[in-house]
Amino acid sequence: QVQLVESGGGLVQPGGSLRLSCAASGIRFSIYVMGWYRQAPGKQRELVAGITSGGSTNYADSVKGRFTISRDNAKNTVYLQMNSLKSEDTAVYYCNAAFRGPGFWGQGTQVTVSS
């Protein structure tokens, strides 16, 4: 059974930082492309950042220079370091694991940026 479990969300002030984690089980983690997506109220889910099995990364323009995605294949975990957070980063953040298809999703973790 495949499970992706996100953690690390919460309430943070503008300009603050959070680190999200996504622990995967039930898959051969090292071969999967891992991604972080987010969905704000009333908006479509969007890709925030992705990392390939080889470690190549890509980011949405809105988070470049502020967010960093990384993976630890020994721990079957992908991370999203979020710095200089803005109110517009408020959303539910989802982890995705994909290999030749749409892949699997976690349950999401809420990130709220507010003073």
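Starting from the Cα of K43, draw a straight line to each of the aspartates and glutamates and keep only those under 19 Å, dropping any in the same chain fewer than 8 residues away.
Partners found: D61, E88, D89.
At 0.36 nm per residue, minus the direct Cα-Cα distance, what do L11 and S62 gain on full extension? Give it in nm, one decimal, please.
Full extension of this stretch gives 16.4 nm more.
Compute the Cα gyration tensor for the stretch 1-53, then decide on rounded, prolate or oblate, letting a ≥ b ≥ c be the square roots of its eigenvalues: rounded whenever a/c is under 1.5, prolate when a/b is larger than b/c in the other cases, and oblate in all that remain.
The shape class here is prolate.
Quantify, in whole percent, the carbon and sulfur part of the accessible surface of the stretch 5-112 (1.4 Å probe; protein heavy atoms only).
Values: 2680 of 5520 Å².
In the stretch 5-112, the share of accessible area belonging to carbon and sulfur is 49 percent.
With r as the distance between the Cβ atoms of I31 and Q81 and R0 = 30 Å, compute the FRET efficiency 1/(1 + (r/R0)^6) and round to 0.05.
Numbers: r = 23 Å, r/R0 = 0.78.
Once the sixth-power term is evaluated, E becomes 0.80.
For the chain, what is the relative contact order in percent, using Cα pairs closer than 8 Å and at least 6 residues apart in sequence? Intermediate results must be reported in sequence, preceding the final value.
Working: 277 pairs, mean separation 41.6, N = 115.
Relative contact order for the chain comes out at 36 percent.
Taking a virtual spin label 7 Å from the Cα of S114 along the C-beta vector, which residues in the stretch 22-51 bring their backbone nitrogen under 14 Å of it?
Only 41 pass the distance filter.
Please compute the per residue accessible area over the chain with all protein chains in place, 1.4 Å probe, rounded to a whole number of Å².
For the chain, the solvent-accessible area averages 53 Å² per residue.
Given the whole protein assembly as supplied and a 1.4 Å probe, what does the accessible area of K75 come to in Å², nearest 10?
130
Whole-Hz ³J(HN,Hα) for each residue in the stretch 62-69, computed from phi via Karplus 6.51 cos²θ - 1.76 cosθ + 1.60 with θ = phi - 60°, x for glycine and proline: what do you get?
Once θ is set to phi - 60°, the couplings for the stretch 62-69 become 5, 10, 4, x, 10, 10, 9, 9 Hz.
Computed from the mean reciprocal separation of all distinct C-alpha pairs, what Kirkwood hydrodynamic radius does the stretch 8-115 have, in Å?
One decimal place: 13.9 Å for the Kirkwood radius.
Taking loop as defined by DSSP and a crowding limit of 16 other beta carbons within 10 Å, which trypsin sites (Lys or Arg not before Pro) in the stretch 1-66 fit?
When the trypsin sites (Lys or Arg not before Pro) of the stretch 1-66 are filtered for loop state and at most 16 Cβ neighbours within 10 Å, R28, K43, R45, K64, R66 remain.
Quick one: if the Förster radius is 30 Å, what FRET efficiency do Q44 and Q1 give, using the C-beta to C-beta distance and rounding to 0.05?
0.60
The values are calculated or read from the model by the stated rules, or taken from the named source; none is laboratory data. Here the structure is a predicted model, which is why all the values come from computation and not from measurement. Please note: Cβ atoms are built from the backbone with ideal geometry, for glycine as well, and neighbour counts cover all protein chains shown. Areas reflect the complete protein model, heavy atoms only, side chains present, ligands, DNA and RNA absent. Shrake-Rupley method; radii C 1.70, N 1.55, O 1.52, S 1.80 Å.
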